[in-house]
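K.L.:
Here it is: the structure, laid out below.
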């Protein structure tokens, strides 16, 4: 499982022109069964993604395809998590 932190960068002001492409990129992540949750980092710091069913190399490649990353709107940090224990509602993450 991965936690992807997308923190606003120098080109933050260009987010509007890449927002549609970023939204499409997020939709593909859900359609592909990789993204579990997407949300905003507060206060207005960027975004975060919880991802699973993927490898380190594959999530790095996927994140590199995000228009926000490619255009320097955000910088990406990818944290890999090995779940050991989970609430019953999240036990599927232990596989």
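K.L.:
Taking the beta-carbon count within 10 Å as an exposure proxy, list 85, 7 from fewest neighbours to most. Don't skip to the end; give the middle numbers.
P.N.:
Numbers: 85 7, 7 14.
Listed from fewest to most nearby Cβ atoms, that is 85, 7.
K.L.:
Expected output is a single nm value to one decimal: the length gained when fully extending between residue 30 and residue 44, i.e. 0.36 nm times separation in residues minus the C-alpha distance. What is it?
P.N.:
Working: separation 14, 0.36 × 14 = 5.04 nm, distance 2.30 nm.
Extra length available between residue 30 and residue 44 comes to 2.7 nm.
K.L.:
Return, for the Cα atoms of region 52-94, the radius of gyration and Dmax in Å, separated by a comma.
P.N.:
13.6, 39
K.L.:
Still on this structure, please answer the following. Most exposed first by the Cβ proxy, i.e. fewest other Cβ within 10 Å, how do 94, 50 rank?
P.N.:
By the 10 Å Cβ count, ascending, the order reads 94, 50.
K.L.:
Please give the helix 15-31 orientation as an angle from the longest Cα principal axis of the chain, in degrees from 0 to 90, rounded to the nearest 10.
P.N.:
Here the helix axis deviates by roughly 20 degrees.
K.L.:
Restricting to DSSP H runs of at least four residues, report the calculated mean residue ellipticity at 222 nm for the chain, -39500 (n - 2.57) per run over all residues, nearest 500 deg cm²/dmol. Intermediate values should be presented prior to the final figure.
P.N.:
Values: 3 runs with 30 residues, N = 95.
So the calculated ellipticity at 222 nm is -9500 deg cm²/dmol.
K.L.:
Is region 2-94 rounded, prolate or oblate when judged by the Cα gyration tensor, a ≥ b ≥ c being the square roots of its eigenvalues, rounded requiring a/c under 1.5 and prolate requiring a/b larger than b/c? Please list the in-between numbers first.
P.N.:
Values: a/c = 2.06, a/b = 1.78, b/c = 1.16.
Note, shape of region 2-94 comes out prolate.
K.L.:
Given a Förster distance of 35 Å, report the FRET efficiency between residue 89 and residue 19 from their Cβ-Cβ distance, rounded to the nearest 0.05. All intermediate terms of the calculation are to be shown ahead of the outcome.
P.N.:
Details: r = 31 Å, r/R0 = 0.90.
Rounded to the nearest 0.05, the efficiency is 0.65.
Quick note: the coordinates plus some simple rules give every number you see, no bench work behind them. Remember, predicted model here, so these are calculated numbers, not experimental data. Glycine also receives a Cβ, built like all others from the backbone with ideal geometry; neighbour counts cover every protein chain displayed.
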